[in-house]
1. Given a 1.4 Å probe, how much area per residue of the chain is accessible, in Å²?
2. Taking the Cβ of VAL16 as the centre, find all other residues whose Cβ is under 14 Å away and add up their charges (Lys, Arg: +1; Asp, Glu: -1).
3. Provide the gained length on full extension for the span ASN48 to MET3, in nm with one decimal, where the gain is 0.36 nm per separating residue minus the Cα-Cα distance.
4. Against the 2.2 N^0.38 Å scaling, with N counting residues, where does the range 20-59 land? I'd like the Cα-based Rg ratio to two decimal places.
5. Determine the share of the chain's accessible area contributed by carbon and sulfur atoms, expressed in whole percent, with a 1.4 angstrom probe.
6. Enter the per residue convex hull volume of the chain, computed from alpha-carbon coordinates, in Å³ rounded to the nearest integer.
7. Could you point to the residue in ASN7, PRO30, SER20 farthest towards the positive end of the chain's charge dipole, with +1 and -1 charges on the Cβ of Lys/Arg and Asp/Glu respectively?
8. Size of the dipole of the chain about the Cα centre, Lys and Arg at +1 and Asp and Glu at -1 on the beta carbon, nothing else charged, in debye to 20?
Amino acid sequence: MKMSARNQLKGTVKSVKPGSVMAEIVVELPDGQEIVSLISLGSAQELNLATGDTVVAIIKSTDVMIGKE
């Protein structure tokens, strides 16, 4: 996956907490640190995010997006 955002951190989905409109995704990095991202529920469902998935946290400005290969 190629993107213009330079800050890309690979990690593993630790938890997915779906809400009525947004989903909270907790990503654990290889060193044990965690990043939390709020994305639309539709995006989380489209990516079919689940605990244990390998993902990339993409940080652009003040946003943290999630990408899945």
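1. 66
2. Net charge in that neighbourhood comes out at -2.
3. Extra length from ASN48 to MET3 when fully extended: 14.1 nm.
4. Taking N as the residue count of the range 20-59, the ratio is 1.15.
5. Details: 2290 of 4560 Å².
Percent of accessible area from carbon and sulfur atoms in the chain: 50.
6. Values: hull volume 5.8 nm³, N = 69.
Taking the convex hull of the Cα positions in the chain, it is 84 Å³ per residue.
7. Highest projection toward the positive end goes to ASN7.
8. On the way: 7 positive and 8 negative charges, 40 e Å.
So the magnitude is around 180 debye.
The values are calculated or read from the model by the stated rules, or taken from the named source; none is laboratory data. Computed from a predicted model, the values in this text were never measured in an experiment. With ideal geometry, Cβ positions are generated from the backbone for all residues, glycine too; neighbour counts draw on all protein chains shown. Side chains are part of the model used for accessible areas, which takes the heavy atoms of the whole protein and leaves out ligands, DNA and RNA. Shrake-Rupley method; radii C 1.70, N 1.55, O 1.52, S 1.80 Å.
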